[in-house]
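Worksheet: the structure to be examined is printed underneath.
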Amino acid sequence: MPSFRSLAGTAGLVLLALAVLLGLQLEAYDGAAPVPLDLAASAWADTLREGMPWTLTLAEGLNWVGGGIVAIAVIPLVVVVALLVARRPRAALTAAVAMAASAGAVQVLKWLFDRERPELTLVTSDAGSFPSGHTANAATLAVLAVAVAASRWRWWVGAVGALYILLMAVSRLVLGVHWCTDVLGGALAGAGAALLVLALLPMVPPSTGVAAQPGA
């Protein structure tokens, strides 16, 4: 049976490859214009924002949590310190590397594809629409949360993590700063980077004999 490291590494590479392939497909489509899925999702998000104004407030809050100094420095520092306090230095190192790798992968993809953002942008954003850095960050945190969780809680943590990714993705559409395919690419890149780092730098030393249990 394949080990956790083997599965995580394979999954990570596949997800990152899919993110790149998605970017290439978007670049080749009608001069990088939004695909029908993008237009349909954006129209739905407009309806959601107009029909339920509270979604805009929620989206603005998630924009603050998932970007800027909070996402780049505050959250990584909190995660690393929490793991160190829990006496899990190896997990702290892995988490720090995974978050840095995710951010780096997003910037590389933004530079490679340099996709234009939608015309409607309700918050200030940097250049490059593909992939969504906020969604990538959410996916990375979700994967890491599952990895550090105790076995009995892992499914629940995974469900909460998936919900967080979904909320972050929808919030980017509500704010008009990304297309649907941007947030999909972000989720692929963020999860892929985290899984690849977990394969290369497992949270539990292989010598313990429990490397297949990252949250043990």
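Not counting ligands, DNA or RNA, and with a 1.4 Å probe, what is L18's accessible surface area in Å² rounded to the nearest 10?
80 Å²
For a quick check of understanding: with a 1.4 angstrom probe and all protein chains in place, what accessible area in square angstrom does T10 have, to the nearest ten?
T10 exposes around 80 Å² with every protein chain in place.
Please calculate the 1.4 Å probe accessible area of R115, with all protein chains present, and give it to the nearest 10 Å².
Around 10 Å² of this residue is reachable by solvent.
Under 15 Å from the Cβ of G67, count the other residues' Cβ atoms, weight Lys and Arg +1, Asp and Glu -1, and hand me the total.
Numbers: positive: K110, R117, R172; negative: E60, D126, D182.
Counting the neighbours of G67, the net charge comes to 0.
With springs only between Cα atoms under 10 Å apart, run a GNM on the chain and tell me which of A19, A86, A138 wobbles the most.
Greatest mean-square fluctuation among the candidates belongs to A86.
About the Cα centre of the chain, what is the dipole size in debye to 20, counting +1 per Lys and Arg Cβ and -1 per Asp and Glu Cβ, all else neutral?
Computed charge dipole of the chain: roughly 1180 debye.
About the Cα centre, and with charges only on the beta carbon of Lys, Arg (+1) and Asp, Glu (-1), how big is the dipole of the stretch 53-142? Nearest 20 debye, please.
520 debye
Percent of alpha carbon pairs in the chain separated by more than 26 Å?
Every Cα pair in the chain considered, those over 26 Å come to 35 percent.
Kirkwood Rh, Cα Rg: Rg to Rh for the stretch 116-206?
Checking Rg against Rh, the ratio lands at 1.06.
Between L84, G104, C180, whose Cα lies farthest towards the positive end of the dipole of the chain when Lys and Arg beta carbons carry +1 and Asp and Glu beta carbons carry -1, centred on the Cα centre?
Going by the Cα projections, it comes out as L84.
Work out, step by step, the length gained on full extension between D126 and A40: first 0.36 nm times the residue separation, then minus their alpha carbon distance; give nm to one decimal.
Working it through step by step, the gained length comes to 28.6 nm.
Can you compute the charge dipole magnitude of the stretch 1-81 about its Cα centre, using +1 on each Lys and Arg Cβ and -1 on each Asp and Glu Cβ, nothing else charged? Give it in debye, rounded to the nearest 20. Spell out each step's value before the answer.
Details: 2 positive and 6 negative charges, 88 e Å.
Charge dipole, the stretch 1-81, about its Cα centre: 420 debye, nearest 20.
So which residue, out of A28, A149, A194, gets the largest mean-square fluctuation from a GNM of the chain using Cα contacts under 10 Å as springs?
A28
For labels at W111 and A28 in the simple 7 Å Cα→Cβ model, what's the distance in nm?
According to this spin-label approximation, the distance is 2.4 nm.
The values are calculated or read from the model by the stated rules, or taken from the named source; none is laboratory data. Quantities reported herein were computed from a predicted structural model and do not represent experimental measurements. Note that we place each Cβ from the backbone using ideal geometry, even for glycine, and neighbour counts take in every protein chain shown. With ligands, DNA and RNA removed, areas are computed over all heavy atoms of the protein, side chains included. Shrake-Rupley method; radii C 1.70, N 1.55, O 1.52, S 1.80 Å.
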